[in-house]
Amino acid sequence: MAQLKVTQIRSSIATKPKHRGTLRALGLRGIGQSNVLPDRPEIQGMIARVPHLVKVEEVAE
């Protein structure tokens with residue numbers, strides 16, 4: 001299964017509460033923090049909700 005490296009690139013301070021919750025669900029707590037997650041539809045949906053706050057890279061296994 002493919003893996004995605006999700007990195008937070010912008011602050012969540014001035015964002016909506018749902019966006020902050022989505023970042024927390026992705027395992028991100030601050031700018032520059034990264035998390036490797038499986039490439040599943042649920043994760044893709046969360047990333048689609050906050051594309052302006054994160055950078056996504058595909059990780060080779």
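What follows is calculated from the coordinates using simple rules that are stated; it is not laboratory data. Please read all numbers here as calculations on a predicted model, not as lab measurements. Please note: Cβ atoms are built from the backbone with ideal geometry, for glycine as well, and neighbour counts cover all protein chains shown.
Assorted remarks:
- Nearest-0.05 FRET efficiency for residue 15 and residue 58, computed from C-beta distance (R0 25 Å): 0.50
- Whole-Hz Karplus values for the stretch 30-36 come out as x, 4, x, 7, 10, 8, 9 Hz, taken residue by residue from phi with 6.51 cos²θ - 1.76 cosθ + 1.60 and θ = phi - 60°; glycine and proline positions read x.
- Order of 11, 34 under a 10 Å beta carbon neighbour criterion, fewest first: 11, 34
- Residue 4 long-range amide H proximity, modeled H, under 5 Å: 37, 39, 59
- The modelled label-to-label distance for the pair residue 48/residue 34, using points 7 Å beyond Cα in the direction of Cβ, is 2.5 nm.
- Residue among 47, 14, 28 farthest towards the positive dipole end of the chain, charges placed on Cβ: 14
- Proxy reagent accessibility, fewest Cβ within 10 Å first, across 61, 42: 61, 42
- Fluctuation leader among 48, 14, 25 - the chain, Gaussian network, Cα springs under 10 angstrom: 14
- Here the average projected area of the convex hull drawn through the C-alpha atoms of the chain stands at 3.7 nm².
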